[in-house]
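Chemist: Structure provided below as structure tokens; questions to follow.
The values are calculated or read from the model by the stated rules, or taken from the named source; none is laboratory data. Here the structure is a predicted model, which is why all the values come from computation and not from measurement. As a convention, Cβ positions derive from the backbone with ideal geometry for all residues, glycine included, and neighbour counts pool all protein chains shown.
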Amino acid sequence: MCLAVPGKVIECRGDEAVVDLQGSTLRVSRVLTPEADVGSWVLVHAGFAIAQLDEREALETWDYLRQILATEPADSERETQTTDQAPRGEGSPA
């Protein structure tokens, strides 16, 4: 699955920008969004700013992501569930 996340442009240099992703920063290419400037919100995927969006959309998306993360089981819990729920067939360890 692929996921693009919103980031706020905090610095521009040529075809590159530094974006703030809710406290983490990332250097991305803005060749697909050359109009994005400091203060713009962009959608970031695979190291590229792929689209501009307004602040309301960006913050709404972060709210959705937080909600999803709050309902997901922790990694260790997920591993336990997967192990406990795995079918045991012939040749499977007991």
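Chemist: Filter region 53-94 down to the residues that are among the charged types (D, E, K, R), in a helix (DSSP H, G or I) and at pLDDT 75 or above, then identify the one that is farthest from residue 8 (Cα to Cα).
Modeler: Ranking the candidates gives 66 first.
Chemist: Suppose we filter 4, 36 for residues that are small (Gly, Ala, Ser) and modelled with pLDDT of 95 or more; which single one remains?
Modeler: 36
Chemist: Pull out all pairs, ordered by first then second residue, where Cβ-Cβ is under 7 Å, the residues are six or more apart or on different chains, the first lies in region 24-41 and is in contact (Cβ under 8 Å) with a residue 24 or more places away in the chain, and the second is basic (Lys, Arg).
Modeler: From region 24-41, the pairs are 36/30; 41/8.
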